[in-house]
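Every read-out reported here was derived from the displayed coordinates using simple, explicitly stated rules and does not represent laboratory data. Just so it is clear, the model here is predicted, and its values are computed rather than measured. Reconstructed Cβ throughout: ideal geometry from the backbone, glycine too, with neighbour counts over all protein chains shown.
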Amino acid sequence: MSMKDFTYRLGEFWADFRKETSGLIGLGILALCVVVVLLEPVFLPYKDIDGNWRDITYWEDNPPAAPPAWTNLFAKEKSATTIRFESPSVSDEEDPEYGPVRVFTFKYPYKFDKSPLDIIMRAKGTGMLFMNISMERPDGNSVFLGQVYQDGLVGDQIRFAVDTDARGSVYEFIRDHASEEAISQSDSSNVKPTEIIFAQTGEKMLSERIPLKGDYLYKIKIPASLFEDGSNSIEDVRLVVTGRVSGVLGTDTSKRDIYSGIIAGLKWALFIGLITSIISVLVGVMYGIICAYFGGATDTIMSFIFEVFVSMPMLPILIVLSAIFKPSIWIIIGSMIAFYWVGPVKTVRSMALQIKEETYIEAAKALGSSKWRIIFKHMAPLLLPYSFANMALSVPGAIVAESSLSLLGLGDPTIISWGQILHDAQLSGATLNGLWWWIVPPGLFIAVMGMTFAFLGFAMDKILHPKLRTR
């Protein structure tokens, strides 16, 4: 086929395809998915999550089982959202106790009814570092949070969490502002420090906890003398305000960002679906053509093999294979191909039997063309276009099959797939605990992806199948 003929046929196909609304919808969704996969780092709020999805320390600054941030729109009392501050303001000040100090300041505008769960400072240090950490409130009070002293640092991470490292200091703040009677009547040791820091002071501050809205200044003070000889340094100072709601799709009980998991799982859904469908359909098409062309004993034997495979229950066998062999995405794909190739065989065989009797096939035989040349040169090019619809329609089945195996705990744990997310949700009792944001998104995306290729398949089936053509 010349390039001119190919271009003409492609234009003719597109002219028909544009008339199919469902096909255009499916094509649009698929194009959007491809863009997201190609620009994945742009869409991911967390980088390199493929290698850190099951690393608990990577997600330790997130809140556990937090609903999506947009749920605040429907809540009467607004909860603090997770915010990350990357660039503090740096200044030099005079401290009455330590003399000249370098101050790293983060400004946090608090405008919620429910306080954050935690406030975490992170930095990378070298040499020796000594720092005082405090929080200046909108009412003029200052809460001393604690001190950090570390020596022998070589670019090591420094982490200070208010919820665990500032409990004693916040308790002293309570003693300075609440009455002894209120302290004695309340178990202040179980009060979260952030609930006190972001509440108004007063004798009944332990029981009332009225939110104090306004600008809070988180200050890190380090003696300037530590930086004089150049052997000590601090860099990459950042602050994480861990909210009660977080992200686009919330977090799971392991503090992992579900939105990041959904985006990272998209490429695997496309990869599994497309690779499985393309290979299996091509194998099935060639199998059907060979059956029809050779006929006789070859057709009988190959048809018997086809009947054996088509009668096997795929999912139970995949479960057995995944249980016997170490779960691997390649074993799963190979197993699905071994069962999916039977799909187009019957249809292709019946069409090939008709093509086999055409005059040009007889002419090719008379001119001395070999059997394989006739199959690949004259028959396959006519039948491959009709397999495109089969390819599109078999993609959803492959995605659902992998998700089903992962949901049963038999998927590849080294990749992030939507089935793996659902499996983790099942193990953690997400349904019983009402963590709907952990269950609905992956299930919905599996359905949307299946719908996308179903739309494409139905549209191409109408255009390419002679009995359903809509020209």
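Between amide H atoms placed 1.01 Å from N, distances below 5 Å from Asp118 occur with Thr242, all of them 5 or more places distant or on a separate chain. The lysines within cross-link reach of Lys78, meaning a Cα-to-Cα straight distance under 27 Å and a gap of 8 or more places when in the same chain, are Lys107, Lys111, Lys114, Lys192, Lys204, Lys213, Lys219, Lys255.
Taking all Cα pairs closer than 8 Å and separated by 6 or more residues, the relative contact order of the chain comes to 20 percent. The value of relative contact order for the range 294-396, using C-alpha pairs under 8 Å at least six residues apart, is 25 percent.
Is the shape of the range 201-272 rounded, prolate or oblate, going by the alpha carbon gyration tensor and its root eigenvalues a ≥ b ≥ c, with a/c under 1.5 for rounded and a/b larger than b/c for prolate? Mind dumping the intermediate values first?
Numbers: a/c = 4.15, a/b = 1.27, b/c = 3.26.
Here the range 201-272 falls in the oblate category.
3J(HN,Hα) along the range 316-329: x, 5, 4, 5, 5, 4, 5, 6, 6, 8, 5, x, 9, 5 Hz, from the Karplus curve 6.51 cos²θ - 1.76 cosθ + 1.60 with θ = phi - 60°, whole Hz, x for Gly and Pro. When +1 charges are put on Lys and Arg Cβ atoms and -1 charges on Asp and Glu Cβ atoms, the dipole computed for the chain relative to its Cα centre reaches about 2880 debye. For Ala199, the residues 5 or more places off, or on other chains, whose built amide H falls under 5 Å of its own are Leu212. List the lysines whose alpha-carbon lies under 16 Å from that of Lys346, not counting same-chain residues fewer than 8 positions away? Output for Lys346: Lys356.
Per the Cα gyration tensor, the chain maps to an equivalent ellipsoid with semi-axes of 65, 23, 21 Å, ordered largest to smallest. For the listed peptides 154-162, 85-93, a ranking on the average number of other beta carbons within 10 Å per residue, highest first, reads 154-162, 85-93. Amide H contacts under 5 Å for Asn52: none, restricted to partners 5 or more places along the chain or on a different chain, H placed in the peptide plane at 1.01 Å from N.
Could you order peptides 367-374, 44-51, 25-32 by the average number of other Cβ atoms within 10 Å of their residues, highest first? Present the calculation step by step, with values, prior to reporting the outcome.
Numbers: 367-374: 11.5, 44-51: 13.9, 25-32: 15.4.
Per-residue mean Cβ counts within 10 Å order the peptides as 25-32, 44-51, 367-374.
Remark: Phe325, Phe304 ranked as Phe304, Phe325, counting other beta-carbon atoms within 10 Å and listing the fewest first. With the simple model of a label 7 Å out from the Cα in the direction of the Cβ, Ala75 to Thr21 spans 4.0 nm.
Karplus-derived 3J(HN,Hα) values for the range 254-270, using 6.51 cos²θ - 1.76 cosθ + 1.60 with θ = phi - 60°, are 8, 6, 7, 7, 5, 4, 4, x, 5, 5, 5, x, 4, 5, 6, 5, 5 Hz; glycine and proline are entered as x. Across the range 435-447, rounded Karplus estimates of 3J(HN,Hα) from the backbone phi angles (6.51 cos²θ - 1.76 cosθ + 1.60, θ = phi - 60°) give 8, 4, 5, 8, 9, 5, x, x, x, 5, 5, 4, 5 Hz, Gly and Pro being marked x.
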